[in-house]
Amino acid sequence: MAKARKIRAPRGMPDILPEAMPLTRLMEETAHRVFGLYGFEEIRTPLFEDTALFKRGIGESTDIVEKEMYTFVEGEDSITLRPEATACVVRAAVEHDLLKKRGFWKLYYVGPMFRKERPQAGRLRQFVQIGVEALGSADPSVDAETIILAAAYFKAIGLDNVKVKLNSIGCPGCRTTYRNVLKELFNGRRANLCEDCRSRYERNIFRILDCKQDACKAIAAEAPPMREYLDDACSSHFEDVIAMLREAGQEFVIDDHLVRGFDYYTRTVFELAHSSLGARDAICGGGRYDNLVAELGGPDAGCVGFAIGVVPTALALKNTVGACAATAVPVAVYVAAVNNDVRRDCLRITETLRHAGISADRDYENRSLKAQMRSANRLGARYTLVVGPDEVAAGAFKLKHMETGEEETLALENIVKRLCK
Ligand SMILES: [Zn+2]
Ligand SMILES: [Zn+2]
């Protein structure tokens, strides 16, 4: 029979193999723990949403909506795999009248997002984001606390040297003023901008400020800071955020060229970055979005949120802490049988250990003791427990520490006590 063709995962859609799971779990479980400490509650929304949600929520002229969405038409309906979660969380809050039930909500999510990015550039098309959304307050202390929470998250997973960049892009009123300033300033040099920025000039001129191309960077460097064009209300809001971060001892830098890629942001925008990642150094991005709830049919409600990219975060961790940062040992004890007569005893002993909360495994193929020891090594077992007819008769078993080679003969209940210490 001809060998069947292998089927591969879709391009840019990764499998997360068992070896990568400890790190993945560390990032996800830390989110549940740390966000819980700050009073955030988890929410889960569907992977698909009405396409109109993203067009209206993220903005028609953003890169994401223009070219990166997976959209499917079914009869009269158009649905899209979510490219980000903020619009989804707001949609859910509006649909279920959450803000009528309670004026202020702190929500978080963990889950996959989908964008049709170029896989040849190493970008993924399915990737997990971890994020929070605080809905229902325009108070600058919420901005400050959200930024502090993002920094606390990275500290909790063991990632040091995370840089917090902060800016304010004002309200739509401030932005109209600033947009005109930039249009005039860049007009004469449009031919020198990269292709993307030439089209950004018309549809989203602020994105020229954070373009990574050298030519665009040089032109953007001449732009005056957005801060100088904030009206009084936006300016004093920004000053308050800054003062509160200082008060809390949270380090940050003001980055005049930080604009973020979504249309919904107002006032505070921030990014957390890690220098080990090179030019694309962002591991978390967020900001305030005071108009989105109303734009999606809800009440006027100020909101702040951020999203953490699990892929760049894992990379930053590996770059600094090393790959073994979160290597959990999946098997603490390997239960080895000296012959086939004691297989059932092995099953019983393995179960006893597992019931006591000790991860344990054993051989399923009637292999020799030597082969079983090799398996124990491969699995990274911390101990082996050898079971033979004599041991079963005496009710005492040899527990061997795999790294030191130290051996001890103990009754099963004492082994449990020893390992649970
Ligand atoms: Zn303003
Ligand atoms: Zn550019």
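Here is a yes/no grid of residues against (1) within 16 Å of ligand 1 (Cβ to nearest atom); (2) modelled with pLDDT of 95 or more; (3) hydroxyl-bearing (S, T, Y):
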| site | (1), (2), (3) |
| --- | --- |
| V142 | no, yes, no |
| I147 | no, yes, no |
| Y153 | no, yes, yes |
| L159 | no, no, no |
| K163 | no, yes, no |
| G173 | yes, no, no |
| T177 | yes, no, yes |
| K183 | no, no, no |
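Against the test of being open to solvent by 30 Å² or more (accessible area, probe 1.4 Å), over 24 Å from the mean Cα position of the chain (by Cα) and away from ligand 1 (no atom under 16 Å from the Cβ), the options A248, A233 yield a single qualifying residue, A248. Cβ-Cβ distances below 9 Å connect the following pairs, each with a first residue in the range 83-94 that is small (G, A, S), a second residue that is in a helix (DSSP H, G or I) and open to solvent by 10 Å² or more (accessible area, probe 1.4 Å), and a separation of six or more residues or different chains: A87/L53; A87/R56; A92/L98; A93/L99.
You will find that of A134, A138, the residue that is in contact with a Lys or Arg (Cβ under 7 Å, 6 or more places away or on another chain) and either open to solvent by 10 Å² or more (accessible area, probe 1.4 Å) or assigned to a strand (DSSP E or B) (or both) is A134 and no other. Return yes when M69 is in contact with a strand residue (DSSP E or B) (Cβ under 7 Å, 6 or more places away or on another chain), more than 30 Å from I205 (Cα to Cα) and in a loop (DSSP other than H, G, I, E, B) and no when it is not. The answer is no for M69. Considering the range 66-92, the residues that are crowded, with 20+ Cβ neighbours inside 10 Å and touching a helix residue (DSSP H, G or I) at 6+ places or on another chain (Cβ under 6 Å) include one that is farthest from T51 (Cα to Cα), namely V90. Can you pull out every residue in the range 389-415 that is small (G, A, S), surrounded by fewer than 16 Cβ atoms within 10 Å (Cβ to Cβ) and closer than 16 Å to R348 by Cα? Residues satisfying the conditions are A393, A394, G395, A411.
Of the set (1) surrounded by 18 or more Cβ atoms within 10 Å (Cβ to Cβ); (2) over 30 Å from E84 (Cα atoms), all apply to G298 but (2). Scanning the range 220-241 for residues that are assigned to a helix (DSSP H, G or I) and within 13 Å of ligand 2 (Cβ to nearest atom) returns a single hit, A220.
For the range 301-310, the count of residues that are closer than 23 Å to L412 by Cβ and touching a helix residue (DSSP H, G or I) at 6+ places or on another chain (Cβ under 6 Å) is zero.
Taken as a whole, the structure places R56 among residues that are open to solvent by 70 Å² or more (accessible area, probe 1.4 Å) and among the charged types (D, E, K, R). Among residues of the range 320-376 being of a type in the set (A, V, I, L, M) and assigned to a loop (DSSP other than H, G, I, E, B), the one that is modelled with the highest pLDDT is V338.
For beta carbons closer than 8 Å, sequence separation of 6+ or different chains, a first residue in the range 191-219 that is within 16 Å of ligand 1 (Cβ to nearest atom) and a second that is open to solvent by 50 Å² or more (accessible area, probe 1.4 Å), the qualifying pairs are F206/R179. For a quick check of your reading of the model, give me the residue pairs whose first member lies in the range 250-269 and is over 20 Å from A294 (Cβ atoms) and within 16 Å of ligand 2 (Cβ to nearest atom), whose second is polar (S, T, N, Q) and outside any loop (DSSP other than H, G, I, E, B), with beta-carbon atoms closer than 6 Å and at least 6 apart or on different chains. Pairs found: L258/N167.
When we screen K217, K212, K183, K163 for residues that are touching a Ser or Thr at 6+ places or on another chain (Cβ under 8 Å) and either open to solvent by 10 Å² or more (accessible area, probe 1.4 Å) or within 16 Å of ligand 2 (Cβ to nearest atom) (or both), the only hit is K163.
Scanning the range 270-280 for residues that are in contact (Cβ under 8 Å) with a residue 40 or more places away in the chain and either of a type in the set (S, T, N, Q) or open to solvent by 10 Å² or more (accessible area, probe 1.4 Å) (or both) yields a count of 6. Selection over the range 100-122 of residues that are at pLDDT 85 or above and open to solvent by 30 Å² or more (accessible area, probe 1.4 Å) gives a count of 11. Taking the range 36-53 as the range and being in a strand (DSSP E or B) and either surrounded by fewer than 19 Cβ atoms within 10 Å (Cβ to Cβ) or within 14 Å of the chain's Cα centre (by Cα) (or both) as the test, the residues that pass are E41, E42, F48, D50.
For residues that are on the phi > 0 side of the Ramachandran plot and open to solvent by 70 Å² or more (accessible area, probe 1.4 Å), tally how many sit in the range 10-35. Within the range 10-35, residues that are on the phi > 0 side of the Ramachandran plot and open to solvent by 70 Å² or more (accessible area, probe 1.4 Å) number 0. In the range 220-230, the qualifying residues are those that are touching a residue at least 12 places away in the same chain (Cβ under 8 Å) and surrounded by fewer than 14 Cβ atoms within 10 Å (Cβ to Cβ), and the one that is nearest to D256 (Cα to Cα) is P224.
The values are calculated or read from the model by the stated rules, or taken from the named source; none is laboratory data. Remember, it's a predicted structure, so these values are computed and weren't measured experimentally. With ideal geometry, Cβ positions are generated from the backbone for all residues, glycine too; neighbour counts draw on all protein chains shown. The area values use the complete protein model at the heavy-atom level, side chains included, leaving out ligands, DNA and RNA. Shrake-Rupley method; radii C 1.70, N 1.55, O 1.52, S 1.80 Å.
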